[in-house]
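Accompanying notes for the structure given below.
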Amino acid sequence: NWADFNKPDVKVAVVMGTTDEQVARQLLPNAQIRALKGMGEAVLDIQSRNSSVLVTTVLTGLGALKANKSLGSMAVLQPTNNAPSFGGTRRDGDDRFGNFLQEWTLAYRADGSAKKVIFNAMEKFGLDTSQLPAAVQF
């Protein structure tokens, strides 16, 4: 539960300038947010016990846990926060291309194609898709 970590004595590591940092600052306003330059620094912050928790995406978390078993465990805090991902393209005169991409991505996710591609990529990187909590949606 996010409320369990939203306390002044809880130190939360995040990677500076990411959506993860934005989510942590929004949902954990009473915690001490420690924005670090990169994932390596954030992981070291946890390992050195300077922070007690790292807020990141499920995919990044699974990769970090695979690479470093000493990190502990992953928990998906409730309620789940499905932060968006973004892409960019040059704007055309009438926005047809941008609108096409937006419609395509919505359909790609709705028909399960996005989940299939993500799971295939996870398996190629040796990540166990069965470790994903049921609340995680793609």
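Between Val76 and Arg96, what's the calculated FRET efficiency when r is the beta-carbon distance and R0 is 30 Å? Round to 0.05.
Numbers: r = 38 Å, r/R0 = 1.26.
The value I calculate is 0.20.
When the helices in the chain are scored as -39500 (n - 2.57) per DSSP H run of 4 or longer and the sum is shared across all residues, what 222 nm value do you end up with, to the nearest 500 deg cm²/dmol?
Using -39500 (n - 2.57) per qualifying helix, the result is -12500 deg cm²/dmol.
If the elastic network links every pair of Cα atoms under 10 Å, which of Val15, Val23, Val117 fluctuates the most in the Gaussian network model of the chain?
Per the Cα network of the chain with a 10 Å cutoff, Val117 tops the list.
With +1 assigned to the C-beta of every Lys and Arg and -1 to the C-beta of every Asp and Glu, and no other charges, what is the dipole magnitude of the chain about the Cα centre in debye, to the nearest 20?
The calculated dipole for the chain is roughly 280 debye.
What is the Rg over Rh value, at two decimals, for the stretch 8-138, using alpha-carbon atoms and the Kirkwood definition of Rh?
1.02
Relative to a virtual label point 7 Å from the Cα of Val10 in the Cα→beta-carbon direction, which members of the stretch 49-87 show backbone nitrogen distances below 14 Å?
51-56, 75-81
Between Thr105 and Gln26, what's the calculated FRET efficiency when r is the beta-carbon distance and R0 is 30 Å? Round to 0.05.
Here the calculated transfer efficiency is 0.80.
If one takes the longest principal axis of the Cα atoms in the chain, at what angle in degrees, from 0 to 90 and to the nearest 10, does the Cα axis of helix 113-124 lie?
Once rounded, one gets 50 degrees.
Return the distance in nm (one decimal) between the two label points of a simple spin-label model at Asp128 and Thr60, each offset 7 Å from Cα along Cα→Cβ.
Reported label-point gap for Asp128 and Thr60 is 2.3 nm.
Could you work out which residue, out of Ala42, Ala31, Ala83, moves most in a Gaussian network model of the chain, that is, has the largest mean-square fluctuation with Cα springs under 10 Å?
Ala83
The numbers here are math on the coordinates, done by the rules we state, and not lab data. Just so you know, these numbers come straight off a predicted model, no measurement behind them. Positions of Cβ are backbone-derived with ideal geometry, glycine not excepted, and every protein chain shown enters the neighbour counts.
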